[in-house]
1. Leu114 is checked against (1) more than 20 Å from Thr324 (Cβ to Cβ); (2) touching a residue at least 40 places away in the same chain (Cβ under 8 Å) and fails just one. What number does that condition carry?
2. Return the pair list, or none, for Cβ contacts closer than 7 Å from residues in region 356-381 that are closer than 21 Å to Tyr211 by Cα and of a type in the set (A, V, I, L, M, F, W, C) to residues that are surrounded by 10 or more Cβ atoms within 10 Å (Cβ to Cβ) and modelled with pLDDT of 65 or more, at least 6 apart or on different chains.
3. Over 17 Å from the mean Cα position of the chain (by Cα), under 21 Å from Gly101 (Cβ atoms), free of Cβ contacts under 8 Å to residues at least 60 places away in the same chain and surrounded by 16 or more Cβ atoms within 10 Å (Cβ to Cβ): does that describe Leu150?
4. Checking Pro202 against (1) touching a residue at least 12 places away in the same chain (Cβ under 8 Å); (2) closer than 22 Å to Arg270 by Cβ; (3) surrounded by fewer than 21 Cβ atoms within 10 Å (Cβ to Cβ), which test does it fail?
5. Select, from Gln244, Gln210, Gln235, the only residue that is surrounded by fewer than 14 Cβ atoms within 10 Å (Cβ to Cβ) and among the polar types (S, T, N, Q).
6. Give the residues of region 206-255 that are in contact with a His (Cβ under 9 Å, 6 or more places away or on another chain), under 17 Å from Val188 (Cβ atoms) and not small (Gly, Ala, Ser), sorted by residue number.
7. Which residue pairs have Cβ atoms closer than 6 Å, lie 6 or more positions apart in sequence or on different chains, and pair a first residue in region 213-229 that is without any contact (Cβ under 8 Å) to a residue 12 or more places away in the chain and of a type outside the set (Phe, Trp, Tyr) with a second residue that is surrounded by 14 or more Cβ atoms within 10 Å (Cβ to Cβ) and not in a helix (DSSP H, G or I)?
8. When you check Gly340 against the structure, is it surrounded by 12 or more Cβ atoms within 10 Å (Cβ to Cβ), modelled with pLDDT of 70 or more and touching a Ser or Thr at 6+ places or on another chain (Cβ under 8 Å), yes or no?
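The values are calculated or read from the model by the stated rules, or taken from the named source; none is laboratory data. As the structure is a prediction and not an experimental result, all values here were calculated from the model. Glycine gets a Cβ as well: all are built from the backbone with ideal geometry, and neighbour counts include every protein chain shown.
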Amino acid sequence: MLSSHVYHHMKFSERGVSSVYQLEVNKRTGWLPLRISSQIKCKSWCQARGPLPTRLRVSVRGRSHVQASLRESGEARSAETAEEEATRQWDELLAWVKEGGGYLGPSLGDRTALGQCELGDTGIMVRGLFPPEGCGAGDSLLGVPWHLALRTSELPAPYEGAPWGVTLAATVLRERAAGPNTRWASYVKTLPDLVDTPALLPPAMYDEIQYIPAKEALLDFLELCREAHSKCPAQMTGSAAWEQFLWAMTVVHSRSFGLKGGGGRIEGDRMMLPALDMLNHGNNPMANGRLALGKSLYDEDGDKGLIHIVSTRSLSAGEQVLFTYGPQERNNDDFFLYYGFTTGPRHPFEDFQLFASITEAIDWYLDFFSVQQPCLLISLM
């Protein structure tokens, strides 16, 4: 079976961002190295040293976590300046959460608990949440009141039958357009300007996604976004242009939560949870945090609940809190489409579509075995 590994490197300079993808394609002849590079908003691509694979599975050999970044930017700020700005916004967001009735657990205290963390053992550094002094199993690390969450049950749908993602995206766009004094302004301004998902790639790069089901899923998502944008009244999206609307859709699909009921199915609201959406993904058993419902520490009547992140085991000082994004049954196609990363080839629920239809499977079978078994007959019951 054809498979491949992708190694991604980013280089920052005064000219912008250079992005290099190194691929190894496993064919019958062995591992074939390829190299593809993009420079400054993908204006140029170098020639691949050999034929491209017919289908691409994005993974990194021997890694349990992969951050396959797809960001291309023409204006790269210095890492130090970006870090200072992110820290300032995080501190302001935490102050807003606490003013609204949220809290930081004792293991986080008043210290900034967001910083650069290594993603698994990949050597890739990402921003993540961690307890500076460590914590015990069952500790509540951070709690956010319900009234600070963007919940689909409390938000106006931009049109009848709008999907939950469109409702959240329209709300984010209205808040962003309305200025600094709106209900969720303190949260919305912390949302990233770019999301590392394939939906924000230049259309000319879509053909580089050579695993057909993943490419088709991307095109379906883009078609949903285009249809939704055409249906949304301007006043419901802050008169957002197509590029802004697509940005909002990628943001909400990469940062929203759903709640699981006792039966294990997602039920009720889809929501965006300020501060809690900074948690990075970890597959079980690497995930060490879970969301839980509770009562606000600041509500005397106990009527207003909150949602908080609870450690499932002891964490050492500075160890990143990881949370599982959705059901374990999600495969790498979903992670790639909505989050811009894959979880590696050892993901227990990974699958690979060999044929698009039963007809295609039969055609392959007949072609493959016809020489050895010319009289073979196949019947479908």
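1. With respect to (1) more than 20 Å from Thr324 (Cβ to Cβ); (2) touching a residue at least 40 places away in the same chain (Cβ under 8 Å), Leu114 is out only on (1).
2. Taking only residues 6 or more apart or on different chains, the pairs are Ala361/Phe355; Trp364/Phe355.
3. No; evaluated as a whole, the condition is false for this residue.
4. Of the numbered conditions (1) touching a residue at least 12 places away in the same chain (Cβ under 8 Å); (2) closer than 22 Å to Arg270 by Cβ; (3) surrounded by fewer than 21 Cβ atoms within 10 Å (Cβ to Cβ), the odd one out for Pro202 is (2).
5. Result: Gln235 is the single residue among Gln244, Gln210, Gln235 that is surrounded by fewer than 14 Cβ atoms within 10 Å (Cβ to Cβ) and among the polar types (S, T, N, Q).
6. Passing the criteria: Thr237, Phe245, Leu246, Met249.
7. From residues that are without any contact (Cβ under 8 Å) to a residue 12 or more places away in the chain and of a type outside the set (Phe, Trp, Tyr), the pairs are Lys215/Ile209.
8. When the stated conditions are applied, Gly340 passes them.
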